[in-house]
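Worksheet: the structure to be examined is printed underneath.
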Amino acid sequence: MGEQHQCPFVSREAWKKGSGSGHPAVHVLSVGQNPSLCPSNQTTGWLLGLGGAHAGEDLRVTVGETYVGSGWDSDIVLTTPEVSRRHGKFTSAGGVTLLEDNGSATGVAVNGEFIREPRMIQHGDRIKFGVGDFLFYSADETTSDKALDDENLKIFKKCASPTMAWLICRSGDCSGMDFRLLKGLNRVGALPGLEIVLPDQNLNSIHMTIECSDDRIYLRPGFATLRLLRAGSIVERPGSLRDKDVLRIGALELFLRCIH
C-alpha cells in the first residue's frame, strides 16, 4: 500500500468542533485526507480537480454556504493562482446548488461563460476559479451521468491517485458521513488505521475490502454479514459494484457514488 493511500481519519467529534471563525476545523479536503462529515455538513457534491495544483483532488460542497477562495477562512481553500481570498460561494438547499462570484478579481466561469448573477449548478458542469479548472460531480442519487462529458472524466482519472468513488452513510451512527474510495485496495471496518474507518457497532474490525481500478470497482465481503442492493433488489453474489448500489450491514446503509 503506497503512502499516498493512507487517509487519516478525522473523528465526527473533531469535525463538529469547528474553529473560532465558525467554519469546520478541516478546510482543505484533498486526496491525502479522508475527513468524515456530520449531518449538518452533509455533502451535496464534489469539485473534481482537472489540472494544476488540485489535479485529482475532490473538494466537498456541503449543505448551506460553502465559500471557495485562497484565504484560510474559506471552506474550500484553493492554492491555484489568480484566486481571491473569498472568490466564490456555493449555496445548497433543497436539492438545489447555486454558485455566485463573491466579487473576485478574475471571475467565476461555468462551462466557459463568466457568471454575473447566481447560477444553478448541474451535475457535470465545468467550473473555473482563477486558473483552477474543476468538474462538479453531484452526490444526488437521482442524477443521470448521461450528461457528463467523458473527456472531462478521462482528464480527472489521468491525475495521480484520483478518487474513484465515495461511500455515503445514510443510516446508523455514521449517518451524514461520506468517505473516499481511492484506486487500489480500500479496507473498510471499525479498526483504526484502515483506509475507511466507520465507527459503527455493526462492523467487524475489517468488514470488507473494495478494490478500485480504472475498469471496475470490486467488493470482497470476506466472512462478514453484508447485503448488496441494486435498484431495490438483493444481489445474491456480490462482486462488481455499480454507481448507486447500496451496501447494507445490519442497521448501517452505505450508498455508493462512482466516478465512471
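Using the heavy atoms of the protein chains and a 1.4 angstrom probe, tell me the accessible area per residue for segment 66-219 in square angstrom.
Values: 6800 Å² over 154 residues.
Result: 44 Å² per residue.
How many nm is it between the label spots at Ser213 and Trp72, if each spot is 7 Å from the Cα in line with the beta carbon?
In this crude label model, Ser213 to Trp72 measures out at 4.3 nm.
Kindly flag which residue pairs out of Lys128/Lys158; Lys128/Lys157; Lys158/Lys183; Lys89/Lys154; Lys157/Lys244 have an alpha-carbon separation exceeding 22 Å in this structure.
Working: Lys128/Lys158 19 Å; Lys128/Lys157 19 Å; Lys158/Lys183 12 Å; Lys89/Lys154 27 Å; Lys157/Lys244 20 Å.
Pairs exceeding the cut-off: Lys89/Lys154.
For segment 149-260, what % of the accessible area comes from carbon and sulfur atoms, probe 1.4 Å? All intermediate terms of the calculation are to be shown ahead of the outcome.
On the way: 2500 of 5160 Å².
C and S fraction of accessible area: 48 percent.
What ³J(HN,Hα) values, in whole Hz, does the Karplus curve 6.51 cos²θ - 1.76 cosθ + 1.60 give for segment 186-201 when θ = phi - 60°, with x put for Gly and Pro?
10, 7, 10, x, 9, 7, x, x, 6, 5, 10, 9, 10, x, 10, 5
Where the centre of each part is set by its Cα atoms, how far does segment 83-107 sit from segment 164-227, in angstrom?
If you average the Cα positions of each part, the centres end up 32 Å apart.
The values are calculated or read from the model by the stated rules, or taken from the named source; none is laboratory data. Please read these numbers as outputs of a predicted model, since none were measured by experiment. FYI the Cβ positions are ideal-geometry reconstructions off the backbone, even for glycines, and counts take in every protein chain you see. Side chains are part of the model used for accessible areas, which takes the heavy atoms of the whole protein and leaves out ligands, DNA and RNA. Shrake-Rupley method; radii C 1.70, N 1.55, O 1.52, S 1.80 Å.
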